[in-house]
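Trainee: This is the structure, below, for whatever I ask next.
We did not get these values from a lab; they are worked out from the coordinates using the rules stated. Everything numeric here is computed off the predicted structure, so don't read it as measured data. All Cβ positions, even for glycine, are placed from backbone atoms using ideal geometry, and neighbour counts span all protein chains on display.
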Amino acid sequence: KNQVEQSPQSLIILEGKNCTLQCNYTVSPFSNLRWYKQDTGRGPVSLTIMTFSENTKSNGRYTATLDADTKQSSLHITASQLSDSASYICVVTKGGYNKLIFGAGTRLAVHP
Amino acid sequence: KAGVTQTPRYLIKTRGQQVTLSCSPISGHRSVSWYQQTPGQGLQFLFEYFSETQRNKGNFPGRFSGRQFSNSRSEMNVSTLELGDSALYLCASSPDLTSGNTIYFGEGSWLTVV
């Protein structure tokens, strides 16, 4: 079954600290993997998109990694800020059908 | 460059009614896709349109339908509303069919069915 699982479900960290969010998928065939940030009540905003051959991609303080062999991805946030408080959603595109399969998201709260 | 625009932002409907939501994609984008987001199910793909044709469809009942116009603007319709249809409906656009492109989401339409 094509699934995307994210962990942890929620996370609280202090401002300035780093954190890592996990995404495991069983989608096959694989086309690409995306990370989105969604503020409460807003639409998701793209952070990164990675294809099979890409291991790492950065966007400012956000760094995503992809291990296509183990079907795992992570999103690392460096020097967190209060504005990083949001849900982070991992999305895998199923090859051939171009269908997006979403993870349930990780809700991150950054406290001062 | 204006982003993806969705209207209305908020609406309340009664069970059994029907609703139409509108989406204007980013200028030059030809692919429009729709998603339903609920606390219990998360984000789920509804359908994708390109050049006025539905190219992809998620696992939703036939009460959910959509269309795309020649100017790439899109509408989705939900008939015979049920309480479970209460959700945030998100529209997204991309330059071409979804696969390798960054998808840009609108702010969504909040639908409450009472």
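Trainee: Any idea what the dipole of chain A comes to, in debye rounded to 20, about its Cα centre with Lys/Arg Cβ at +1 and Asp/Glu Cβ at -1? Write down the numbers at each step before the final one.
Mentor: Working: 11 positive and 7 negative charges, 52 e Å.
Result for chain A is approximately 260 debye, rounded to the nearest 20.
Trainee: Something else about it: Write out the GluC sites (Glu not before Pro) in the range B:34-100 meeting two conditions: DSSP loop, and at most 16 other Cβ atoms within 10 Å of their Cβ.
Mentor: Working: sites: B:48, B:52, B:75, B:82; in loops: B:52, B:82.
Taking the range B:34-100 and a limit of 16 other Cβ atoms within 10 Å, the loop GluC sites (Glu not before Pro) found are B:52, B:82.
Trainee: A further question on this structure: Tell me, what HN-Hα J-couplings in whole Hz come from the Karplus equation 6.51 cos²θ - 1.76 cosθ + 1.60 at θ = phi - 60° for each residue of the range A:74-88, using x for Gly and Pro?
Mentor: 9, 10, 9, 10, 9, 6, 4, 10, 4, 6, 6, 4, 4, 9, 10
Trainee: Also, quick follow-up: Picking from A:111, A:96, A:64, whose Cα lies most toward the positive end of the charge dipole for chain A (charges on Cβ: Lys, Arg +1; Asp, Glu -1)?
Mentor: A:96
Trainee: Report, in debye and to the nearest 20, how large the dipole of the protein assembly as shown comes out about its Cα centre when Lys and Arg carry +1 and Asp and Glu carry -1 on their Cβ.
Mentor: Approximately 300 debye in magnitude.
Trainee: Report, in debye and to the nearest 20, how large the dipole of chain B comes out about its Cα centre when Lys and Arg carry +1 and Asp and Glu carry -1 on their Cβ.
Mentor: 120 debye
Trainee: While we're here: Kirkwood hydrodynamic radius for chain B: how many Å is it when counted over pairs of different Cα atoms? Display every interim value, and only then the final one.
Mentor: Details: mean 1/r = 0.0718 Å⁻¹.
Roughly 13.9 Å, rounded to one decimal.
Trainee: Now for a separate question. What percentages, rounded to whole numbers, describe P(r) for the protein assembly as shown computed over all alpha carbon pairs with 5 Å bin width beginning at zero?
Mentor: Histogram of Cα-Cα distances, whole percents per bin: 1, 7, 15, 18, 19, 17, 12, 7, 3, 1.
Trainee: Something else about it: Among A:48, A:76, B:12, whose Cα sits farthest toward the positive end of the charge dipole of the protein assembly as shown (+1 at Cβ of Lys/Arg, -1 at Cβ of Asp/Glu, about the Cα centre)?
Mentor: B:12
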